[in-house]
Amino acid sequence: MVLLKEFAKSHAKEIKGNIDNIQATGIEFDSQVVSNGKIFAALKGKCTDGHQYLKQAQENGACLAIVNQICDVDIPQICVENTYDALYHLAKLQRENWKNKTVIALTGSVGKTTCKEMLKSLLQRLGKTHATYGNYNNKLGLSYTIINTPDDAEYVVLEVGISEVGEMDVLALLARPDIAFVTNVHPCHLKGLGTVDNIAIEKSKLYRALEPSGIAIMNNDDAAYIHFASNSQHCQQLNLFDYENTLHRKSVSINELGCAGFTAEVAGKKMKVQLNVLGKHQIYNAYACAFIASKIGLSHCEIENALQGVKAPRGRMKQYIEKKEKTLLIDDSYNASPESMQAAIECLSAIRKETKCLIMADMEELGVESDKMHRQVGVLANEKKIDYLLTVGKKSRLALDQFSGIGKSFDKKQDLMEYLYQIMKKDMVVLLKGSRASRLDDCVKLLVGVDYV
């Protein structure tokens with residue numbers, strides 16, 4: 001239950017209507033998805049103002065609105081100085097009042113969302129589990145997740161993402177995890193974070209939010225381990241790899257669909273896992289999640305079964321079949337970094353199809369190394385014998401300088417699509433990957449139609 005009265009006492013500038021008996025069950029900032037019992041948060045953005053949609057929110061069942069200004073609609077309203085900040089403080093209040101919940105917070109350069117989905121699937125076998133929706137991992141998204149956490153949830157998996165120095169201080173204070181895990185550190189968001197060492201420093205701050213009774217799960221195979229260890233000396237430290245826990249890398253196999261299987265030792269017992277998500281890189285995510293779930297109390301048999309049932313979320317190496325030519329499509333359009341681009345190309349190369357095509361859009365926020373990192377994609381595409389490299393964006397075009405296959409650059413996605421339709425065939429796999437700003441998911445939607453879920 002959302003703690004409205006407590007929140008209003010400390011943050012309301014003005015209150016319209018009676019809020020004493022309102023029992024809100026959550027919050028939304030999209031008036032179209034508001035339902036009975038939900039609060040509507042009227043957010044002001046660059047292109048839209050939520051205050052214009054208060055009437056629609058009311059019609060859809062909103063029980064109350066949090067606003068920057070009192071509006072002329074027949075719905076109780078709490079007026080605050082800044083709606084974004086108000087949601088953070090409401091979430092902070094909610095988190096401070098949680099009881100009987102185990103909170104696991106994840107951060108890292110790559111693998112956060114996949115680990116979150118895997119952990120959610122695992123922990124659901126122990127009790128009711130709530131997790132970050134999609135990629136809602138910034139200040140607003142984390143606040144949204146916490147406010148919408150059901151009262152009876154026993155496990156909460158929070159994904160925490162940062163792109164600037166200082167963000168983790170704010171988010172870690174909000175998450176207050178019982179268990180924290182940094183997946184890895186790689187060059188991502190360099191525009192805001194500056195250097196890889198800065199990334200390690202900032203990500204490691206998540207461990208500082210742990211209480212002395214908390215558990216720091218540390219990737220001791222990562223170059224940033226020294227930062228992980230130094231920021232978690234006040235609590236229990238567990239290394240992913242030790243005498244009782246190891247990933248048997250030589251056991252890794254890739255099936256014809258590009259999905260990996262592996263064996264591992266977890267808590268001294270052998271575990272055999274066959275994944276149904278694409279990519280060899282997923283074995284690390286699966287092993288880390290198995291390690292965490294084992295520490296929480298899930299049996300090896302349940303871990304194996306749960307991991308096998310995990311499916312890729314949209315935009316994260318999700319497979320589709322193109323509706324006309326029946327071409328295999330891999331949608332990895334949600335985001336891109338040099339590390340994740342390499343993993344995607346290796347996955348593309350491993351799939352047993354006659355023709356392999358990479359559609360690449362720009363990788364954002366790479367700073368001074370951007371040109372070099374884009375050219376390296378062309379080198380890797382050559383090494384992995386990719387047949388087609390199609391690019392959209394000024395930076396991505398640089399990859400073609402190093403590519404000897406069939407390469408073409410496009411200024412418009414419409415032109416790219418026209419060419420793609422000419423070359424697609426059944427025994428072909430097409431992987432689409434780029435940073436979020438490029439919106440390659442628009443292409444995926446056109447290719448798969450109503451099946452885009």
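The values are calculated or read from the model by the stated rules, or taken from the named source; none is laboratory data. Only a predicted model underlies this, so the values are computations on that prediction, with no experimental measurement involved. Because the Cβ atoms are built from the backbone with ideal geometry, glycine has one as well, and the counts that use them run over all protein chains shown. Note: accessible area is taken over every heavy atom of the protein model, side chains too, but ligands, DNA and RNA are not part of it. Shrake-Rupley method; radii C 1.70, N 1.55, O 1.52, S 1.80 Å.
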Name the GluC sites (Glu not before Pro) in segment 33-100 that are in a loop by DSSP and that have at most 13 other C-beta atoms within 10 Å, would you? Glu81
Please give, to one decimal in nm, the separation of the simple spin-label points placed at Arg314 and Lys5, each 7 Å out from Cα toward the Cβ. 4.0
Got a sec? Which residues in segment 336-350 would a label at Asp387 touch, if it sits 7 Å along Cα→Cβ and we count backbone N under 20 Å? 344-350
Taking the Cβ-Cβ separation of Glu154 and Lys412 as r and a Förster radius of 51 Å, what is the calculated FRET efficiency to the nearest 0.05? 0.55
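Report the gain in length on full extension from Arg249 to Asp197: 0.36 nm times residue separation, minus Cα-Cα distance, nm rounded to one decimal.
16.0 nm
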Can you list the aspartates and glutamates whose alpha carbon is less than 14 Å from that of Lys272, not counting same-chain residues fewer than 8 positions off? Glu302, Glu304
Got a number for the accessible area of Phe228? Probe 1.4 Å, square angstrom, nearest 10. 0
What value, in deg cm²/dmol to 500, does the helix sum -39500 (n - 2.57) over DSSP H runs of n ≥ 4 give at 222 nm once divided by the residues of the chain? -10000 deg cm²/dmol
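Let a ≥ b ≥ c be the square roots of the eigenvalues of the Cα gyration tensor of segment 36-132; is it rounded (a/c under 1.5), or, if not, prolate (a/b larger than b/c) or oblate?
Prolate, since a/c reaches 1.5 and a/b exceeds b/c.
Rounded to the nearest 5, what % of the DSSP beta bridges within the chain are antiparallel ones?
Percentage antiparallel, nearest 5: 30.
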The simple spin-label model distance between Asn82 and Asp49, using points 7 Å out along Cα→Cβ, in nm, is 1.9
Could you work out how much longer the chain between Asn18 and Ser230 gets when fully extended? Use 0.36 nm per residue separation minus the Cα distance between them, nm to one decimal. 71.3 nm
Put Val110, Val429 in order of accessible area, largest first, 1.4 Å probe: what do you get? Val110, Val429
For the chain, calculate the relative contact order in percent as a whole number, restricting contacts to Cα pairs under 8 Å that are 6 or more residues apart. 10
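So for Lys120, Lys318, what's the accessible-area order with a 1.4 Å probe, most first?
Ranking Lys120, Lys318 by accessible area, largest first, yields Lys120, Lys318.
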Given R₀ = 25 Å, what would the calculated FRET efficiency be for Lys425 paired with Leu446, taking r from the Cβ atoms and rounding to 0.05? 0.90
Residue-level accessible surface for Arg176, protein heavy atoms, 1.4 Å, Å²: 90
Any idea what the relative contact order of segment 233-384 is, in percent, if you count C-alpha pairs under 8 Å spaced at least 6 apart? 17
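In this model, which of Lys99/Lys139; Lys191/Lys250; Lys92/Lys270; Lys44/Lys203; Lys9/Lys101 are farther than 32 Å apart at the alpha-carbon?
Violating the 32 Å Cα-Cα cut-off are Lys191/Lys250; Lys92/Lys270.
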For Lys323, counting only lysines whose alpha-carbon sits under 23 Å away and dropping same-chain residues fewer than eight positions off, the answer is Lys311, Lys353, Lys356, Lys412, Lys413, Lys425, Lys426, Lys433, Lys445
Residue separation times 0.36 nm, minus the C-alpha to C-alpha distance between Arg439 and Asn97: what's the value? 119.2 nm
Taking the Cα centre of the chain as origin and charging only Cβ (+1 Lys, Arg; -1 Asp, Glu), how large is the dipole, in debye to the nearest 20? 860
